[in-house]
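See structure below.
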Amino acid sequence: MQSRIVILSGNSNLPLTRKVCSLLGVAQCKAVVGRFSDGEVRVEVGENVRGMDVYVIQSMSPPINENLVEFLVLTDALKRASARKINAVIPYYGYGRQDQKDKPRVAVSSKMVADLLTVAGADRVITIDLHADQIEGFFKIPVDHLKTARVLLEDLRKRLKGTEVVVAPDAGGVERARSFAKGLTVDLAIMDHRDTWDEACSRIVGKVDGRRVIILDDMVDTGRTLIRTAEGARAAGAASVEAYCVHAILSGDACKSIEASPIETLTVTDTVPLSPQVVARWEKIRIISVAPTLAEAIRRVHYEESVSSLITRA
């Protein structure tokens, strides 16, 4: 017999959790997620969850290690409180960039985090736009890998001018950009960046002269990749340059660098929370919410309905 939907959250992305709860028409489960004086994470679930299916919403955004440990302790508390099933809802999966051993003596941290989540007691993972699809295979539990392509496409379709070309900022983003371009019925171009022994070489492969360039990437951290691509597009004659990214890490001076770059607007989602002060200060940043996608995924998983339409790229 299916229980009611129980949703609780750590401290990483409370605004997104509130939006999801509002869309599902449920109250957020009471829980204390705080710290002892020495910094240890302290968790106390404030409601009865015995025999219930619980959805823990927690982005692994900065401070990533704090938020990861919060999730692990939350999961342990729920398991000890006899929750029937614990679903990890991770809008942004941290450590996703360390998904392969690209040189000797490095960690495959994506796999390590997957093991931690599983051992802690997670029974299922619902996440959005992993840095690499292969991360799904690191888990021994079901993974629903949601795509935000439709959310981004719906936003961009309202602003189409007819001169667009989608640009992949690197080779790793070609498949994502190709699917996006196909959904918009526009052309695709690729940024080719190579570091040689004496210099770095960048060029746009594709026709962008006189056209509106849309750079698509899964995340923006320091902003260097986006800015390099924007500068390359401008050098190739692009009429304008805009960027769409799912996860807005924006560490260090990223906002300041993007504000001074040829990028006219940067559209991101709320998988990683941005403070109102940041949004107000940096005029180029636009935010669209993934709460409807997450809420629908939680509803379908809970009532054992298909989520296939939510995990396709376009």
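Look at the Cα gyration tensor of the chain: its axes a ≥ b ≥ c give a/c of at least 1.5 with a/b over b/c, and that counts as prolate.
Taking a ≥ b ≥ c as the square roots of the eigenvalues of the alpha-carbon gyration tensor, the stretch 149-288 is classed oblate because a/c is 1.5 or more while a/b is no larger than b/c. In straight-distance terms, cross-link reach from Lys101 covers every one of the lysines whose alpha-carbon lies under 18 Å from its own, apart from those fewer than eight places away in the same chain; here that gives Lys111.
The spacing between the stretch 136-185 and the stretch 258-294, judged by their C-alpha centroids, is 17 Å.
Give me the percent of DSSP beta bridges within the chain that run antiparallel, rounded to the nearest 5. Walk me through the intermediate numbers first.
On the way: 11 of 50 bridges.
Given both bridge residues lie in the chain, the antiparallel proportion sits at roughly 20 percent.
Of the GluC sites (Glu not before Pro) found in the stretch 227-314, the ones in coil according to DSSP and having at most 11 other Cβ atoms within 10 Å of their Cβ are Glu283, Glu304, Glu305.
Assuming charge only on the beta carbon of Lys and Arg (+1) and of Asp and Glu (-1), the dipole of the chain about its Cα centre is about 620 debye to the nearest 20. Put a dot 7 Å past the Cα of Ser275, heading toward its Cβ, do the same for Asp192, and the two dots end up 4.4 nm apart.
For the stretch 125-176, trypsin sites (Lys or Arg not before Pro) are listed when DSSP marks them as loop and at most 15 other Cβ atoms sit within 10 Å of their Cβ; the list is Lys140, Lys158, Arg159, Lys161.
Among the lysines of the stretch 149-288, pairs that are 8 or more positions apart or on different chains and have alpha carbons within less than 25 Å of each other number 8.
If a/c stays under 1.5 just call it rounded; otherwise compare a/b with b/c (prolate if a/b is bigger, oblate if not). Do that for the stretch 70-180, with a ≥ b ≥ c from the square roots of the Cα gyration tensor eigenvalues. It comes out oblate by the Cα gyration axes.
Sum up the charges of everything whose Cβ sits under 14 Å from the Cβ of Leu23, counting Lys and Arg as +1 and Asp and Glu as -1, but leave Leu23 out. The partial results should precede the final answer.
Details: positive: Arg18, Lys19, Arg299, Arg300; negative: Asp270, Glu296.
Surrounding charge for Leu23 is +2.
Please arrange Leu250, Leu130, Leu160 by counting, for each residue, the other beta carbons lying within 10 Å of its beta carbon, fewest first.
Working: Leu250 25, Leu130 22, Leu160 13.
Sorted ascending by nearby Cβ count, the order is Leu160, Leu130, Leu250.
Axis of helix 14-24 versus longest Cα principal axis of the chain: the two differ by about 70°, to the nearest ten degrees. Placing +1 on the Cβ of every Lys and Arg and -1 on the Cβ of every Asp and Glu, with no other charges, gives the stretch 159-274 a dipole of roughly 460 debye about its Cα centre.
Peptides 41-49, 63-71, 211-219 ordered by packing proxy, namely the average of other Cβ atoms within 10 Å per residue, highest first: 211-219, 63-71, 41-49. Here the simple spin-label model places points 7 Å from the Cα toward Cβ, and for Ala81 and Asp155 these points are separated by 3.3 nm. Relative to the longest principal axis of the C-alpha atoms of the chain, give the angle of the C-alpha long axis of helix 64-80, reported between 0 and 90° and rounded to the nearest 10°. Value to nearest ten degrees: 30. Using the average count of surrounding beta-carbon atoms within 10 Å as a protection proxy, the listed peptides 5-11, 86-92, 274-280 rank, highest first, as 86-92, 5-11, 274-280.
Can you tell me, using C-alpha contacts under 8 Å and at least 6 residues apart, the relative contact order of the stretch 58-212 as a whole percent? The value is 15 percent. With the convex hull of its Cα atoms as the shape, the stretch 1-99 has an orientation-averaged projected area of 7.1 nm². With R₀ set to 25 Å, the beta-carbon distance separating Ser202 from Ser251 gives a calculated FRET efficiency near 0.65.
No lab work stands behind these numbers, since they all come straight from the coordinates. Small disclaimer: the values here were computed from a predicted structure and weren't measured. Ideal geometry is used to build each Cβ from the backbone, glycine not excepted, and the neighbour counts take in all protein chains shown.
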